[in-house]
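J.: My questions will all concern the structure given below.
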Amino acid sequence: MSSSGDKGAGIPGSGDSRPPDRALDRSGGEGRATVQITIKLFATFRAGRFDVETRRMEPGATVAKAIEELRIPRRELGIVLVNSVHASPEKVLKDGDTLALFPLVGGG
Amino acid sequence: MEKLLRIDMGAPGGPKATVNPVGDYAGLGGRAMTSAIVSREVLPTCHPLGPENKLVIAPGLLSGTSGSMSGRLSVGCKSPLTGTIKESNSGGQASQVLARLGFAAIVLEGRPQGDDLYKIHIDKDGVHVAVDNSLKGLPNYDLIDKLKGQYGDRAAFMSIGTAGEMKLLTSTIACTDPEKRPTRHAGRGGTGAVMGSKRVKVIVLDDTGLKMRDPKDPEKFRDANRRFVEGLRKHPISGQGLPAYGTNVLVNVMNEAGGYPTYNFKVGQFKGAANISGETQAELITKRGGNPTHGCHRGCVIQCSGIFVGKDGKYVSKQPEYETVWSHGGNCGIDDLDLIAQIDFLDDNFGIDTIETGVAIGVAMEGGVIPFGDGEGAIRLVKEIGQGTPMGRILGSGAEVTGKAFGVERVPVVKGQSMSAYDPRAAQGMGVSYATSPMGADHTAGFCIAANVLKVGGDVNALGTEGQADLSRNLQIATAAVDATGMCLFIAFALLDQPETFQSLIDMLNAFYGLSMTGDDVAALGKKILTMERDFNKRAGFTAAHDRLPRFFYREALAPHNIPFKVSDEDVDSVFKW
């Protein structure tokens, strides 16, 4: 699932090093367009996962779906940003979106 | 804490110390104590460096007890930077030691004639005020190195560096940490200049031979403290995030949220953010054999501070805080942690506010003094502050003076005090707190980032205007109350999210003092403090017109969200209507 070798649910096309241009989903064999998402993880979420990765997801995939595939327990989730704006788990991800996930953090 | 120590520095024949019962100020601590004394006893229209101003140093209600997190100290005066009342809050050992010495406050009054510099030493045997001109011109680290061997192991030091002696508006009062390093500061508002104006270089506090303060009901106190610590450890922020990454964990959060003020508040995201983030800093410190998890005072269970070491593993400075890494980092276009840590050391050593200094340098960069991103240039400028060159004195007078000197309009200050690492356009609630805090722009006074960005203690849309005034009001009230207890503000994340942890704090206060306070009483205390502070400011000449952000925030939209500050004046003015 990730560049660090975690055996999570696979995401078609993830973990390769192709440039983040719009691409076709080759795993499904149907030639459907997928959406390309950049996922950024922070703080403890990086452990055993990655810092930043681009992935392809099925059209209509939500933030919740991405989080589920990353195996991040919902109770650990602190801040969810899509393109720098706070987003709900139901939000549908669009091609080119950047999803940033943080555990609960604070300071100041 | 039944005694009040007044030292009249200007008494005929030399400084005169008087110890009295706390009297009318009984039952107050921390910010409640400093603001009560300043608002009642200081002429609001006085010059902050004149003999009419007073410097009040007060431990919190629970300082000096076995209660965890209780080591925060309040320092109050009329601020030379803002002209408002000031409470500047510091960690370090001083608060615990001062409370165990039995003092609810030290009040430095008057102003001596002549150039002599004084040292104040307080221990169980009494108060000693003596001339010590051998301390003149010593920066904080050199000063403490010279003094620490002369006093007991338990001594805590409060000192001014060279900046305080020069009475610069950015000057701080340093408090030593458990290892006797002058790393924790009453940083904001120029408190060091007020101490310098009274010709006091250092206050040595030594509680050797004294015990922890005794609660009225020891068993209940112990139980409440246990629940309190459990609550802090259970919460992800105080239990995991802050110990592991320190406050600087916020770099990535604020940058991703588009609210990381970059290039003197021109844009809300910094390309070099990853290089100076909390994650990167903690990894670097660990790799080099430093310590990313350290408490600024004994009894802290959060341990958000740390020790920054160089490539050779040797001490460089404390782990720079988020606001320091921002002010000298992204705000100036600098993304080099080693360089920022060097500046952090210089700031602490000269005794200058890391926030105000970094923002002043950012303004100077905008004014063309040096280019954005010029790290070596920034170090040179900070050294000039320590040397007191004409350029250094301009920068050391803070962002507002620097903006005037170099013809810059974009100067991010309210009431003369710089904002910090949260752009008010990307977190509109923060803008309301900056505008209305009696302290001038102060992120800690009402940390709306919690509900705006971190989604702790509520969820208020950062980019909208709705609910921001209510959020700021509630947080300013809660913060004022916490600042009276001597508790570190970082307990607030657990308090906001976990009602049982909030209750455990109230239980600690009740068990210690034999009271039966409720949450409502805590809110009433916060309101009382803010009312005293606002009243002082009003008598000093401040009006609603001063509760505004600089115009450019209303005019210039901030990328990436491309919005200006939008909260109406009417909403802003509603903050203190309760």
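J.: What share of all Cα pairs of region B:517-578, in percent, falls into each consecutive 5 Å distance bin?
T.: Distribution as computed: 4, 13, 18, 17, 15, 13, 10, 8, 2, 0 percent.
J.: Okay, next question. If one puts a single equal scatterer on every Cα of region B:72-137 and applies the Debye formula without solvent, what log₁₀ I(q)/I(0) results at q = 0.26, 0.27 Å⁻¹?
T.: -1.20, -1.19
J.: Calculate log10 I(q)/I(0) of region B:296-357 for q = 0.17, 0.21, 0.25 Å⁻¹, where I(q) comes from the Debye formula with a single equal point scatterer on each Cα and nothing for solvent.
T.: -0.59, -0.85, -1.08
J.: While we're looking at this one, here's another question. Return a whole-number percent for the relative contact order of region B:120-193, with Cα pairs under 8 Å and 6 or more residues apart as the contact set. Before the final figure, lay out each step's value.
T.: Details: 122 pairs, mean separation 17.8, N = 74.
Reported as a whole number, the value is 24 percent.
J.: Going by the alpha-carbon gyration tensor, a ≥ b ≥ c the square roots of its eigenvalues, is the protein assembly as shown rounded (a/c under 1.5) or, if a/c is not under 1.5, prolate (a/b greater than b/c) versus oblate? Kindly include the intermediate steps, with their values, before the conclusion.
T.: Working: a/c = 1.76, a/b = 1.57, b/c = 1.12.
Since a/c reaches 1.5 and a/b is larger than b/c, the shape of the protein assembly as shown is classed as prolate.
J.: Once you sort the root eigenvalues of the Cα gyration tensor of region B:477-534 as a ≥ b ≥ c, which label holds: rounded (a/c under 1.5), prolate (a/b larger than b/c) or oblate (the other case)? Write out the running numbers ahead of the final one.
T.: Details: a/c = 1.80, a/b = 1.23, b/c = 1.46.
Oblate.
J.: When we measure straight from the Cα of residue B:404, which lysines land under 18 angstrom away, once same-chain ones fewer than 8 places off are left out?
T.: B:415
J.: When Cβ neighbours within 10 Å are restricted to other protein chains, what is their mean count per residue of peptide A:39-52?
T.: On the way: counts 0, 3, 2, 9, 12, 6, 0, 1, 0, 0, 0, 0, 3, 1.
Rounded to a whole number, the mean comes out at 3.
J.: P(r) for region B:167-261, please, calculated from all Cα pair distances in 5 Å bins and given in %.
T.: Calculated over all Cα pairs of region B:167-261, the distribution is 3, 10, 10, 10, 13, 17, 16, 12, 7, 2, 0 percent.
J.: What fraction of the Cα pairs in region B:283-386, stated in percent, has a spacing above 16 angstrom? All intermediate terms of the calculation are to be shown ahead of the outcome.
T.: On the way: 3016 of 5356 pairs.
Roughly 56 percent, rounded to a whole number.
J.: Along the principal axes of its C-alpha atoms, what lengths does region B:1-110 span, in descending order and rounded to whole Å?
T.: Principal-axis extents of the Cα atoms in region B:1-110, largest first: 39, 32, 24 Å.
J.: For region B:211-287, what size does the Cα cloud have along each of its three principal axes, sorted from largest down, in whole Å?
T.: Taking max minus min along each principal axis of the Cα atoms, region B:211-287 gives 54, 31, 25 Å.
J.: I'd like to know which of B:192, B:235, B:250 lies farthest towards the positive end of the charge dipole of region B:175-256, counting +1 on Cβ of Lys and Arg and -1 on Cβ of Asp and Glu.
T.: B:192
J.: Follow-up question, since we're still on this one. Once every DSSP H run of n ≥ 4 in chain B is given -39500 (n - 2.57) and the sum is divided by its residues, what mean residue ellipticity at 222 nm do you get, rounded to the nearest 500 deg cm²/dmol?
T.: Numbers: 22 runs with 214 residues, N = 578.
Roughly -11000 deg cm²/dmol at 222 nm, from the helical runs in chain B.
J.: Take region B:317-459, compute every pairwise Cα distance, and split them into 10 Å bins from 0; I just need the percent in each bin.
T.: Binned Cα distances yield the sequence 13, 42, 34, 10, 1.
J.: How high is the FRET efficiency between residue B:24 and residue A:90 when r is their beta carbon distance and R₀ equals 45 Å, given to the nearest 0.05? Mind showing how you got there, number by number?
T.: Values: r = 57 Å, r/R0 = 1.27.
Taking R0 as 45 Å, the efficiency between residue B:24 and residue A:90 is 0.20.
J.: Taking a quarter of the surface of the convex hull around the Cα atoms of chain B, what do you get in nm²? Could the numbers behind the result be given before it?
T.: Details: hull surface 90.6 nm².
Result: 22.6 nm².
J.: Two-decimal Rg/Rh of region B:232-353 from alpha-carbon positions, Kirkwood Rh? The partial results should precede the final answer.
T.: Numbers: Rg = 14.0 Å, Rh = 14.4 Å.
Reported Rg/Rh, Kirkwood definition of Rh: 0.97.
J.: Convex hull volume of the Cα atoms in region B:48-184, per residue, in Å³?
T.: So the per-residue Cα hull volume is 115 Å³.
J.: Just give me a number: lysine pairs in region B:146-247, eight or more positions apart or cross-chain, with C-alpha atoms less than 25 Å apart.
T.: Lysine pairs satisfying the spacing and distance rule in region B:146-247 number 17.
J.: OK, next. Rounded to the nearest whole Å², what accessible area per residue is found for chain B with the 1.4 Å probe? All intermediate terms of the calculation are to be shown ahead of the outcome.
T.: Numbers: 18590 Å² over 578 residues.
Per residue, chain B has an accessible area of 32 Å².
J.: Here is a follow-up. Rg/Rh for region B:430-578: what does it come to with C-alpha atoms and Rh from Kirkwood?
T.: Values: Rg = 16.3 Å, Rh = 16.3 Å.
Value, to two decimals: 1.00.
J.: What is the extension gain from residue B:312 to residue B:466, computed as 0.36 nm multiplied by their sequence separation minus the C-alpha to C-alpha distance, in nm to one decimal? Can you show the working numbers first?
T.: Values: separation 154, 0.36 × 154 = 55.44 nm, distance 5.12 nm.
Between residue B:312 and residue B:466, full extension yields an extra 50.3 nm.
J.: Normalized C-alpha radius of gyration of region B:390-456, against 2.2 N^0.38 Å? Spell out each step's value before the answer.
T.: On the way: Rg = 13.4 Å, N = 67, 2.2 N^0.38 = 10.9 Å.
Rg over 2.2 N^0.38 Å, computed on Cα atoms: 1.23.
J.: Given 4 °C and 1.567 mPa s, compute D for region B:4-65 with the Stokes-Einstein relation, Rh being the Kirkwood radius over Cα pairs; round to the nearest whole µm²/s.
T.: Working: Rh = 12.9 Å.
So the translational diffusion coefficient is about 100 µm²/s.
J.: Let me ask you something else. Which whole-Hz ³J(HN,Hα) couplings does region B:197-208 yield from phi under the Karplus relation 6.51 cos²θ - 1.76 cosθ + 1.60, θ = phi - 60°, glycine and proline marked x?
T.: Each residue of region B:197-208 in turn: 5, 8, 6, 9, 8, 8, 10, 9, 10, 9, 9, 3 Hz.
J.: What is the Cα centroid distance between region B:501-578 and region B:46-111, reported in whole angstrom?
T.: Using only Cα atoms, the two centres lie 20 Å from each other.
J.: For region B:421-450 and region B:324-373, compute the distance between their C-alpha centroids and round to whole Å.
T.: Region B:421-450 and region B:324-373 have Cα centres spaced 21 Å from each other.
J.: Assign unit charges at the C-beta atoms only (+1 for Lys and Arg, -1 for Asp and Glu), then state the dipole size of region B:188-232 relative to its Cα centre in Debye, rounded to the nearest 20.
T.: Details: 11 positive and 7 negative charges, 64 e Å.
Dipole of region B:188-232, to the nearest 20 debye: 300 debye.
The values are calculated or read from the model by the stated rules, or taken from the named source; none is laboratory data. Values in this document were obtained by computation on a predicted structure and should not be read as measured data. FYI the Cβ positions are ideal-geometry reconstructions off the backbone, even for glycines, and counts take in every protein chain you see. In case anyone asks, the SASA skips ligands and DNA or RNA and just uses the protein heavy atoms, side chains included. Shrake-Rupley method; radii C 1.70, N 1.55, O 1.52, S 1.80 Å.
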